[in-house]
Amino acid sequence: MRMIIGQAIGILDILFSYFIFSQKNNKSILKFKLMSDLMWVAHFMLIGAYTGMATTSLSLIREILFINRDKSKMLQSKWWVVAFCFVYCLCAAVTWGGAWSIFPPVASCLATIGFWNRNVKTIRIVNLVVCVCMLIYGVATHSLATVINQIYTVVSIFVILVRVKKAGQTG
């Protein structure tokens, strides 16, 4: 029953995830990502994908920090990127469930680097690699929602990049 509820939450989140990469600025992307990640934490917990749950839980903190980084000089330090990547790796060590457990921390480190960069195009491109990592993790953990979401996100990012290029925009 937990697996069914977890998959349902993930499927619902796919609809919500639609809005993440269509945002025009870094802060808006992060706000939508924060709301989406709340649901992914529940999804991963319910299906027993604990590395995904741990790294996504940490991502909630990352997103709050990155959204607010202009409010404090301390939050502007690039050391936050290093610190998050280190803790993502610790998450994998603590929740290790096999070789596939490496994919969420790698994806989270790449996403952290991408989201730290304020260039929306760079964020989108970096997240294409993140999607590949999470697609592999979704297959390994039998997360139908993760697999569908990653395929959908890759297609969405490509569509957005093509639209932006045709419109002659930079983001």
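Per the Debye calculation on segment 74-121 with a single equal scatterer at every Cα and no solvent contribution, log₁₀ I(q)/I(0) for q = 0.20, 0.26 Å⁻¹ amounts to -0.67, -0.92. Ellipsoid fit via the Cα gyration tensor, segment 1-84: semi-axes of 27, 16, 7 Å, each the root of five times an eigenvalue, largest first. Considering only SER22, SER72, SER108, the Gaussian network model of the chain with Cα springs below 10 Å gives its largest mean-square fluctuation to SER72.
Overall, the anisotropy analysis places segment 52-133 in the oblate class: the square-rooted eigenvalues a ≥ b ≥ c of its C-alpha gyration tensor yield a/c not less than 1.5, with a/b not exceeding b/c. Classify segment 125-171 as rounded, prolate or oblate, taking a ≥ b ≥ c as the square roots of the eigenvalues of its Cα gyration tensor: rounded when a/c is under 1.5, otherwise prolate if a/b is larger than b/c and oblate if not. Taking the square roots of the gyration eigenvalues as a ≥ b ≥ c, segment 125-171 is prolate.
Let me check something: with ligands and nucleic acids excluded, how do LYS31, LYS73 order by accessible area (1.4 Å probe), largest to smallest? Walk me through the numbers before you get to the answer.
Numbers: LYS31 100, LYS73 165 Å².
Highest to lowest solvent-accessible surface, that is LYS73, LYS31.
When you work out D = kT/(6 pi eta Rh) for segment 10-59 at 4 °C and 1.567 mPa s, using the Kirkwood radius from C-alpha pairs as Rh and the Stokes-Einstein form, the result is 117 µm²/s. Summing charges over all other residues whose Cβ lies under 11 Å from the Cβ of PHE16, with Lys and Arg as +1 and Asp and Glu as -1, gives -1.
The chain has equivalent-ellipsoid semi-axes of 24, 20, 14 Å, by the square roots of 5 times the alpha carbon gyration tensor eigenvalues, sorted largest first.
How big is the charge dipole of segment 1-123 about its Cα centre, in debye rounded to the nearest 20, if each Lys and Arg gets +1 on its Cβ and each Asp and Glu gets -1 on its Cβ?
520
Quick one: if the Förster radius is 41 Å, what FRET efficiency do ASP70 and ILE11 give, using the C-beta to C-beta distance and rounding to 0.05? Once rounded, the FRET efficiency stands at 0.70. Here is the link list: LYS33/LYS166; LYS78/LYS166; LYS78/LYS165; LYS121/LYS166. Which ones come out longer than 24 Å on Cα distance? Distance filter (> 24 Å) returns LYS33/LYS166; LYS78/LYS166; LYS78/LYS165. Between SER22 and THR122, full extension at 0.36 nm per residue minus the direct alpha carbon distance yields a gain of 34.7 nm. Between the listed residues ILE157, SER72, TYR88, the Cα displaced farthest toward the positive end of the dipole of the chain, a dipole computed from Cβ unit charges relative to the Cα centre, is found at SER72. In the chain, a dipole from Cβ-located charges (positive for Lys and Arg, negative for Asp and Glu) runs towards its positive end, and of SER101, CYS133, ILE5 it is CYS133 whose Cα lies farthest in that direction. Annotation for VAL159 and LEU38: the two label points, set 7 Å from Cα along the Cα-Cβ direction, are 2.6 nm apart.
The values are calculated or read from the model by the stated rules, or taken from the named source; none is laboratory data. Computed from a prediction, not measured in an experiment: that's the story for all the values here. FYI the Cβ positions are ideal-geometry reconstructions off the backbone, even for glycines, and counts take in every protein chain you see. Calculation scope for accessible area: heavy atoms of the full protein, side chains included, ligands and nucleic acids excluded. Shrake-Rupley method; radii C 1.70, N 1.55, O 1.52, S 1.80 Å.
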